[in-house]
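Asks: Please find one structure pasted underneath; my questions will follow.
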Amino acid sequence: MGALQSQSDHHEYVDLAQKTGFSFEQIGVLHKRFKQLSHDEETLRRDHFNEIPDLACNPIRAQIIGAFFDRRNYRQNSEGTVEEIDFENFLVVMSHFRPPSLHLTEEQRDNVRREKLRFLFNMHDTDNDGTITLEEYRHVVEELLSRSGALGKETAKSIADAAMLEVASISMGHMEPDEFYEGITFEHFFKLLKGFEIESKMNIHFWNMDTSTLCK
């Protein structure tokens, strides 16, 4: 695709901009990054993501990589996974990390928030059964809280454990700390993270593409 040197390139960028909300400049930067990762191939495979140094040390690396190959994240109302992705699918997945506009209505901001949380939920609902386990949910909350820099890992774990009991009690009534429940729905997930500022945590840096920011 490259620089905007032809009419066909321009039309393709317009289409991608409408689908993702990225500017032409951002699309150009991300396309260069795509070509670097794919070694100038037309598609990306999972092993290409394994070459990203910053991603290698991320505790939820497998979930992040999996999200790029999950059809649920392409905004096409489809399910299942793919083995390779083209630039358009890569860009659509990346758009889930795009910071929201400052000029959104309250309804639009709520929709953006719901979409980001749905993306995060899908990352942990790996079998696509509409639920994530409480242990997976604990991991999500721990990562979100501890990576904010305001809380230590142990404090984040305590909050996550309390949240686990809360979401289980929503579905099963009173639960003791040693009881186990498996199955958090998206609506429960959405309610429990209602006060968390996901909009500022799920974002990317367009210019240096520091992948370590993907789940901070």
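Asks: First check a/c for the stretch 84-130, with a ≥ b ≥ c the square roots of the eigenvalues of its C-alpha gyration tensor; if it is under 1.5, answer rounded, and if not, answer prolate when a/b is larger than b/c or oblate otherwise. Numbers along the way, then the final one.
Replies: On the way: a/c = 3.47, a/b = 1.35, b/c = 2.57.
It is oblate, given that a/c is not under 1.5 and a/b is not larger than b/c.
Asks: Using a Förster distance of 22 angstrom, determine the FRET efficiency expected from the C-beta separation of R75 and V14, and round it to 0.05. Working shown, then result.
Replies: Values: r = 17 Å, r/R0 = 0.79.
The formula returns an efficiency of 0.80 here.
Asks: What shape does the stretch 15-139 have by the C-alpha gyration tensor, where a ≥ b ≥ c are the square roots of the eigenvalues, rounded means a/c under 1.5, and otherwise prolate means a/b greater than b/c and oblate the rest? Mind dumping the intermediate values first?
Replies: Working: a/c = 1.63, a/b = 1.04, b/c = 1.57.
Note, shape of the stretch 15-139 comes out oblate.
Asks: Please compute the length gained on full extension between C57 and K191, using 0.36 nm multiplied by the number of residues separating them and subtracting their Cα-Cα distance. Numbers along the way, then the final one.
Replies: Values: separation 134, 0.36 × 134 = 48.24 nm, distance 3.00 nm.
Roughly 45.2 nm would be gained on extension.
Asks: If you don't mind, there's one more thing I want to ask. How big is the accessible area of K153 in square angstrom, nearest 10, if you roll a 1.4 angstrom probe over the protein chains?
Replies: Here the accessible area works out near 100 Å².
Asks: Still on this structure, I have one more. Got a sec? What order do E136, E12 fall in by accessible area at 1.4 Å, biggest, i.e. largest, first?
Replies: Working: E136 55, E12 90 Å².
The most accessible residue leads, giving E12, E136.
The values are calculated or read from the model by the stated rules, or taken from the named source; none is laboratory data. As the structure is a prediction and not an experimental result, all values here were calculated from the model. Please note: Cβ atoms are built from the backbone with ideal geometry, for glycine as well, and neighbour counts cover all protein chains shown. In case anyone asks, the SASA skips ligands and DNA or RNA and just uses the protein heavy atoms, side chains included. Shrake-Rupley method; radii C 1.70, N 1.55, O 1.52, S 1.80 Å.
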